Amino acid sequence: MKNLLIILLLLSSCAQQEKKENTHEIDEIETSEAYKETMTVHDEVMPKMDNIVQLKKQLKVKIDSLSLGSNPYTASINALNTQVVELENADKAMMDWMHQFDGSKKSDTTEAIIQYYMSQKEIITDVAEKMNTAIKNATAALD
């Protein structure tokens with residue numbers, strides 16, 4: 001009888017350990033998916049940083065050319081300067097996000113980590129929208 005009790009306790013312990021391992025695997029998958037979703041947004045928009053740099057250069061050249069002469073085109077220059085500022089703000093938003101992002105979040109609970117990555121996905125999505133809008137507006141201003 002005593003042996004039977006020991007065997008049952010061992011089986012119960014093994015079952016609990018297996019359940020704990022399965023739960024841990026699910027937690028890792030959920031955390032990994034939340035991280036991947038966040039990084040997918042980042043990876044789609046990050047290459048556009050080069051576009052921002054190029055557009056700022058082009059806008060500044062156009063501003064310089066409009067500034068030449070005795071009668072500068074003040075309204076056009078102001079509009080182009082607005083586009084430069086919009087591009088700079090988008091660039092800064094991306095840099096700020098990258099500096100504060102913690103891609104190795106491990107110390108919190110799984111739920112907290114997933115919540116962190118999902119909130120970061122929202123932030124980087126806003127940054128992406130800001131970048132895309134700035135690029136679109138700057139491109140239109142150069143045409």
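Of all residues in segment 78-106, those satisfying the criterion of being closer than 30 Å to THR31 by Cα and aliphatic (A, V, I, L, M) are ALA90, ALA93, MET94, MET95, MET98. The single condition among (1) within 19 Å of the chain's Cα centre (by Cα); (2) at pLDDT below 55; (3) of a type outside the set (Lys, Arg) that GLU30 does not meet is (2).
Inclusion of ASN71 among residues that are of a type outside the set (Phe, Trp, Tyr), at pLDDT below 95 and over 30 Å from VAL84 (Cα atoms) is not warranted.
The values are calculated or read from the model by the stated rules, or taken from the named source; none is laboratory data. A quick note: this is a predicted structure, and the numbers were derived from the prediction, not measured.
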